[in-house]
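Asker: One structure follows; several queries about it will come next.
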Amino acid sequence: MSLGSERADPQREPAEPIRPPWLVLPDYQCFGCSPHNPSGLRLSFFPAAGDGLQTPLAFGREHESYPGVVHGGIVATVCDEIMGNLLVLRTGVTHFTVTLRTRFLTPLAVGAAYRCIAAIRPEPGAGGQRQAAAEVLDDTGATVASATGTYQPASADLSRQHLALSDADRRLLDQAMSTVSMEQANHSSGRDRG
């Protein structure tokens with residue numbers, strides 16, 4: 001799935017990132033997107049063309065494998081993170097990764113500017129599983145890595161079984177997820193009206 005049509009003009013990026021619902025949790029420690037995790041990637045998400053999502057990337061020496069080369073596992077994590085967050089933001093439902101396939105076209109360089117863009121395949125698959133795709137683009141817009149993933153939606157009750165949350169944090173997250181669901185419903189109905 002080529003996301004070439006999903007590329008957004010960096011000059012048109014909104015000043016404020018889209019806030020995943022998890023950010024309502026005061027001690028949220030996601031390695032990918034939490035601003036509270038000092039060892040994490042601290043990704044910020046912005047809309048991409050269509051219903052996609054994008055994040056600017058810059059990797060430091062702490063993300064290396066070979067000298068000057070970004071570790072492939074970090075790149076795969078970025079792709080998984082943006083696809084999973086896109087699904088949550090578009091559906092208001094937690095999704096767990098079932099499969100993740102990453103393809104590297106060229107090594108990514110430490111210190112270079114990149115952008116990761118994700119899109120969801122429109123129709124759920126078997127058992128309600130959702131598929132998404134992501135591409136990592138260099139500063140010329142060339143694809144340097146891509147990924148596809150399959151994600152299993154989880155009900156609020158099932159999610160609670162897997163997430164280590166206090167009762168207060170569960171209430172905060174339930175409220176945030178219901179807001180995401182309402183925003184998506186409003187977004188979808190506005191798009192349907194054209």
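The values are calculated or read from the model by the stated rules, or taken from the named source; none is laboratory data. Note that the structure is a prediction, hence the values are computed from the model and not measured. Note that each Cβ is placed from the backbone with ideal geometry, even for glycine, and that neighbours are counted across all protein chains shown.
Asker: In the stretch 35-55, which residue that is under 12 Å from the mean Cα position of the chain (by Cα) and of a type in the set (S, T, N, Q) is surrounded by the fewest Cβ atoms within 10 Å (Cβ to Cβ)?
Answerer: Across the stretch 35-55, the extreme among qualifying residues is S44.
Asker: Of the numbered conditions (1) surrounded by 19 or more Cβ atoms within 10 Å (Cβ to Cβ); (2) under 22 Å from P153 (Cβ atoms), T99 fails exactly one; give the number of that condition.
Answerer: Evaluating T99 over (1) surrounded by 19 or more Cβ atoms within 10 Å (Cβ to Cβ); (2) under 22 Å from P153 (Cβ atoms) leaves (1) as the failure.
Asker: Filter the stretch 113-129 for residues that are in a strand (DSSP E or B) and within 16 Å of G50 (Cβ to Cβ) and give the result.
Answerer: Correct list: R115, C116, I117, A118, A119, I120.
Asker: Here's a check for you: in the stretch 69-100, which residue that is free of Cβ contacts under 8 Å to residues at least 60 places away in the same chain and not in a helix (DSSP H, G or I) is farthest from the chain's Cα centre (by Cα)?
Answerer: So the residue we want is V69.
Asker: Given the conditions (1) exposed (fewer than 13 other Cβ atoms within 10 Å of the Cβ); (2) modelled with pLDDT of 95 or more, and given that A58 satisfies all but one, which numbered condition is not satisfied?
Answerer: (2)
Asker: Right, next: Only one of (1) surrounded by fewer than 16 Cβ atoms within 10 Å (Cβ to Cβ); (2) under 30 Å from Q175 (Cβ atoms); (3) not basic (K, R) fails for L105. Which number is that?
Answerer: (2)
Asker: Filter the stretch 131-156 down to residues that are at pLDDT 95 or above and outside any loop (DSSP other than H, G, I, E, B), then give me how many there are.
Answerer: Total meeting the criteria: 16.
Asker: Then there's this: Residues being in a helix (DSSP H, G or I) and either crowded, with 19+ Cβ neighbours inside 10 Å or of a type in the set (F, W, Y) (or both): count how many of those fall in the stretch 19-34.
Answerer: Total meeting the criteria: 2.
Asker: With at pLDDT 85 or above and either under 27 Å from D167 (Cα atoms) or touching a Lys or Arg at 6+ places or on another chain (Cβ under 6 Å) (or both) as the only criterion, which of F46, F31 stands out?
Answerer: One residue alone meets the criteria, F31.
Asker: Let me ask another. Looking at this structure, is P10 on the phi < 0 side of the Ramachandran plot, modelled with pLDDT of 90 or more, out of contact with any Cys (no Cβ under 9 Å at 6 or more places or on another chain) and surrounded by 12 or more Cβ atoms within 10 Å (Cβ to Cβ)?
Answerer: no
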